[in-house]
Structure formats: structure tokens, C-alpha cells
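Reviewing the structure listed below.
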Amino acid sequence: VRSAVGVGSVFTLKLPLTLAISRALIVGIDNEEFAIPQTSVDELLKVEPGGAHSIKLIKNAPVLRSRDRLLPVLDLRSLLHMPGARDENGELRTADENTDGFVMVIVARGMRFGMLVDNVLRTEEIVVKPMPSALRNMEIFSGSTILGDGRVIMIIDPNGIRSAASSVADGSM
């Protein structure tokens, strides 16, 4: 409890991570589902070739115009090295003018960027389970959650995605 005369009081309550409940968007890539904390998602855009929102390449980097700003677009499939993430030359694919799907405008560490996924399935309140100690070095994930049907899905960490994308761009990943 912090209090200042004439200003007010601040009450801080810390819950163990195993008890944290958060609203998340459940997104899909192929047949895999992931949770993304809704507090990090600023906007959700449907992208399609020739549509109101479409991805453009500037110097071979995918960008999306949103609210008169150009946002870099990161392909979650490529960042996670999922099947279909590499082209016929073995290079990681990037989104381009022919890409369709959904771009979530994410704010992480003061930067706005778009994250491309195939589908946005639903919003859900999730119980955050911490990463097991053997997997804690995977900065892309912040934990996992168990869905109502018993399936376990990973929770994407937007700050980790931003760091991983920087590593890929620097060639250090």
C-alpha cells in the first residue's frame, strides 16, 4: 500500500503466475493454436491481395499500411519454424503481396508491428501456466494454458517475438 496525502492511495496485489488469469486471442496457424495476450493487441486487420489491407514489400521487407503508418509484418509461422515456413530454396518465407490471413497490430517494448497468422478463432479467458524450467530459454513463449477441451496450447510473448525477429534480421538466430 502506498499513500500520499491529498493524492490518493495505490494498492498493489501480486498473484503467483500459476494463478494469473488473462484474456487472450486464440489464433491458428495450419492446425496449431496459440494464445496471444489481448492486452498486447492494438488492432486486428484482415489482409488479402488487392483488399483494403494488403501487405507490400519495401526493400524485400513486408509492411502493412495502417492508419497512415507503415508497420513491419512478422510471419508467426516463420518465426516458429513451422512446416511450410521455408520456400523451395530452404529460405524462411516472408509475407508478400499475395499473402492473406490476419495481421494483429502488436505493441511490444514501445514498438508497433504486425504479426501474421492464418486465423483468429476466438477470445478466451485463460489461466497462465509458467514455462517448465527446461523450456524457459524459449523467449517466444511466456507460458502455456489448458483449454476447456483439455488441449494444451502455448502463449506467445509479444516481447519475445520482437526480440526473435530482431535476431533473425541480424542473422544471429
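The values are calculated or read from the model by the stated rules, or taken from the named source; none is laboratory data. Just so it is clear, the model here is predicted, and its values are computed rather than measured. Note that each Cβ is placed from the backbone with ideal geometry, even for glycine, and that neighbours are counted across all protein chains shown. All accessible areas refer to the heavy atoms of the entire protein, side chains included, with ligands and DNA or RNA removed. Shrake-Rupley method; radii C 1.70, N 1.55, O 1.52, S 1.80 Å.
Per the listing 151, 109, the residue uniquely at positive phi and open to solvent by 80 Å² or more (accessible area, probe 1.4 Å) is 109.
Taking first residues from segment 18-39 that are free of Cβ contacts under 8 Å to residues at least 60 places away in the same chain and partners that are open to solvent by 10 Å² or more (accessible area, probe 1.4 Å) and basic (Lys, Arg), the Cβ contacts under 9 Å between residues at least 6 apart in sequence or on separate chains come to 39/23. Of all residues assigned to segment 87-100, none qualifies as being touching a Lys or Arg at 6+ places or on another chain (Cβ under 7 Å) and open to solvent by less than 10 Å² (accessible area, probe 1.4 Å).
In segment 47-55, the count of residues that are assigned to a strand (DSSP E or B), in contact (Cβ under 8 Å) with a residue 24 or more places away in the chain and surrounded by 11 or more Cβ atoms within 10 Å (Cβ to Cβ) is one or more. Of the residues making up segment 71-86, those that are farther than 14 Å from residue 29 by Cβ and either modelled with pLDDT under 90 or touching a Lys or Arg at 6+ places or on another chain (Cβ under 7 Å) (or both) number 2. When the residues of segment 1-46 are filtered to those that are surrounded by 13 or more Cβ atoms within 10 Å (Cβ to Cβ) and in contact with a Lys or Arg (Cβ under 6 Å, 6 or more places away or on another chain), the one that is nearest to residue 104 (Cα to Cα) is 38.
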